[in-house]
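Derivation of every value follows stated rules applied to the coordinates shown; laboratory data play no part. Please read these numbers as outputs of a predicted model, since none were measured by experiment. Note that each Cβ is placed from the backbone with ideal geometry, even for glycine, and that neighbours are counted across all protein chains shown.
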């Protein structure tokens, strides 16, 4: 076996080991209910899980807790007991899961990385919230104070400047977009996106730098870099966006 074959074999075994471990974990709640661990000479489900699966007591407690949490959520419950999704992902989703959204969550998180799942949960928890702090340098503060002392309404002044900025961006985005011959964005489009979104991920609750420009309209179909359908995203939000797009496409194909 050469180096490449050895490495690929090891990775294959590792992936299979993780899969079988998840499936083993999914069986634990039912084994616990039926007290089948006793038939293997174990005094508790914890001893059974440690002996046959190498699991810690905390992992077993988490599994039993999730099984109870998902009693009235059949899709998430199924993902737990079949080992389809890891308990680490399910534990994070549990904090935002309800009977109303569990089907949607189960479809989205199945192939999502754990970091993306954590980001999704954070977004759900803090939807609608905005930072309440604003940082102004001393020069800007002093200029605003001087204007305010002159009787000028600085709120109206700032609002007017913001409206002008938004109008300029809207006018630029309204320009006709030509068909593109390649995926790299034109410099003009990149400049406009930076003007609109800055250097951060465009998701309001996210403070991470943007790493990827997401095409809300699939580029392979539209062949356009339309700024109205482009969003600078961090790696995790880009993964979430694609997971949602796949779910929507799957739904449309069925219906």
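Return the calculated 222 nm mean residue ellipticity for the chain, to the nearest 500 deg cm²/dmol, obtained by summing -39500 (n - 2.57) across DSSP H runs with n ≥ 4 and dividing by the residue count.
About -19500 deg cm²/dmol.
Out of 34, 69, 61, any idea which swings most in a Gaussian network model of the chain, alpha carbons joined below 10 Å?
34
Could you check which residue among 33, 23, 216 shows the biggest mean-square fluctuation in a GNM of the chain with a 10 Å Cα cutoff?
The residue with the greatest mean-square fluctuation here is 33.
Whole percent per 5 Å bin, from 0 to the bin with the longest distance: what is P(r) over all C-alpha pairs of the range 60-145?
3, 13, 22, 18, 12, 5, 5, 4, 4, 5, 4, 4, 1
Give the peptides 237-244, 137-144 in descending order of average Cβ contacts within 10 Å, highest first.
Highest mean packing first, the order is 237-244, 137-144.
Starting from the 7 Å offset along Cα-to-Cβ, what nm value, one decimal, do you get for the label separation of residue 98 and residue 191?
4.6 nm
Who wins for biggest fluctuation among 177, 146, 85 in a Gaussian network model of the chain, springs between alpha carbons below 10 Å?
Looking only at 177, 146, 85, the largest GNM fluctuation is found for 146.
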